[in-house]
Amino acid sequence: MKKLKSLKTALLNIPVTSVLAILLVFGVIFGCKKDETTSTHKAYKNMDDATTTNIIASIPRIELSKLKSTQISLYLSVTDQNGKPFSEFNKYNFVIKQVCVGQQDTTVVASLSFSKLNQTGSNIATPLVLDYSGSMDSYIGDLEQAAGNFISIKNNSDQIELVKFSTEIENVQPFSNDTVTLLQALHNWWANAGNTTAFYDAMMMGVNDAETFNQAHSTFLPAVIGFTDGLDNASSIYYSELINQALARQIPLYTIGFGDADEAVLNTIATQTGGRYYYTPDITTLKTLFSLISGQLKNLYMVSWVYDDQSCSEVLITVEAKYTCANGSYASKTQKIFHPLVK
C-alpha cells in the first residue's frame, strides 16, 4: 500500500504541462499507427474527381512464367469514360476471381502481388499498322503526323515497328527504339500506297512480329495498334482468325477507325483481345487518339499469383474494378480465358 501511495503521490506532483506532453506523445504514436494500418487496406478513391462518370476495365495480357507454368501475371487497364487511365489504383480497387472452365468452383484470388507497370521497369513493344490504301490519299499527312507523335512520346526503351498496308503489306521498319530512325521510315515515300485494304492480314503481321520479339525479350509488353479508314476487302483471313491468334498469344489489339471503317468489327477485334477501339470522325483528332492509347499502355497494373490446379487446362479470370469519386461509386467487370499448362 505504501508503494502504491508513493507512486500516486509522485504522479500528482508532476506538473500539468508535463502530463499533457506525455499524453500528446502517446496519442501521436498510437494514433499514427492506427491510421497507417487502416489506410493500407482501403481502395483508392478521389472525392475531388468530379469528371468521372464511368470506369472501364480490360485485361490486355495474361503471361505465364517461363519457369513455372502456374505462375500467372495479369496486366490490367482501367480508364474513365473518355479513355483516360487511372494511375493511382491499389489492389483493394480490384476483386480477382478464377474458375476452371466447365466447373462451378469460382474462388477469389487472395494471395497476390500488385504493382504498377510503369514502376516495374517493363517496356512496350508496339507494331504500328497504318492504312495507305487509295481512300487515304488525302489524309496521309495527318496519319503520319499522328503516328509520329506516338513515336516521339514513347519511353526511351520502348520498341516500335512500322507496318504499312494497302493491297500489299510491308514491314518498312523492324522494331527499334531510335526515334530518328522510326520517324524517317514513317515519312519515307511508300511505293505500294493506293489500291485496296488488307487490314486483317496487316494486323496479323503485327501479331506475328510482336510474338517473335516477345519470345526474345520477355520483359516487354507486346501490343498492336492498327488504323484503317475502310472495310477490309483484300485480306486472306477473316477477322475471327485474327482474334483467335491474338488471344492464343495474349497480344492485345488496339484499333482506330476513320471514314468508312467497319466500327462493329474493329470494336470486336479490340474488346475481345483486351485492347480498346476508338473512332475519329475528324482526321485531325487522330493525334489525340494515338496519345490516349499511349497513355493507357504506360499506366497498366500487374497482378501475379500462383495457380495450383494442375488438372485444369482452361481457366476463366474475372476482374471486378471499383472506384469512388465525387459523382458516386462505379464498377466494371472484365473476363479473359487462359491456358495454365501451356507455356
Of everything in region 92-117, what is at pLDDT below 95, crowded, with 16+ Cβ neighbours inside 10 Å and outside any strand (DSSP E or B)? Give them in sequence order.
109, 117
Hey, does region 53-65 have a residue that's exposed (fewer than 15 other Cβ atoms within 10 Å of the Cβ), at pLDDT 95 or above and closer than 30 Å to residue 285 by Cβ?
yes
Segments classed as helices (runs of 4 or more DSSP H), wholly inside region 208-317, with at least 3 members that are under 18 Å from the mean Cα position of the chain (by Cα) and among the hydroxyl-bearing types (Ser, Thr, Tyr):
263-273, 286-298
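Out of 250, 184, which single residue is buried (at least 17 other Cβ atoms within 10 Å of the Cβ) and in contact with a strand residue (DSSP E or B) (Cβ under 9 Å, 6 or more places away or on another chain)? If you could, list the steps in order and put the result at the bottom.
Working: 184 fails: buried (at least 17 other Cβ atoms within 10 Å of the Cβ).
Exactly one residue qualifies, and that residue is 250.
For residue 149, indicate whether it is farther than 30 Å from residue 72 by Cα, at pLDDT 95 or above, of a type outside the set (Val, Ile, Thr) and not in a helix (DSSP H, G or I).
Details: farther than 30 Å from residue 72 by Cα: yes; at pLDDT 95 or above: yes; of a type outside the set (Val, Ile, Thr): yes; not in a helix (DSSP H, G or I): no.
No; evaluated as a whole, the condition is false for this residue.
Of the residues 116, 97, 164, which is farther than 30 Å from residue 313 by Cα and basic (Lys, Arg)?
Details: 116 fails: farther than 30 Å from residue 313 by Cα; 97 fails: farther than 30 Å from residue 313 by Cα.
Criteria check complete, one pass: 164.
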Residues satisfying the stated conditions in region 171-181, i.e. crowded, with 18+ Cβ neighbours inside 10 Å and either of a type in the set (Lys, Arg) or out of contact with any Leu (no Cβ under 8 Å at 6 or more places or on another chain) (or both):
175
Restricting to region 209-226, name every residue that is small (Gly, Ala, Ser) and surrounded by 13 or more Cβ atoms within 10 Å (Cβ to Cβ).
210, 223, 226
Is it the case, given these coordinates, that residue 317 is assigned by TED's automatic domain parsing to the domain that holds residue 115 and over 26 Å from residue 138 (Cβ atoms)?
yes
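The values are calculated or read from the model by the stated rules, or taken from the named source; none is laboratory data. The structure displayed is predicted, hence computed values, not measured ones. Counting neighbours? That spans all protein chains shown, and the Cβs are built from the backbone with ideal geometry, glycine included.
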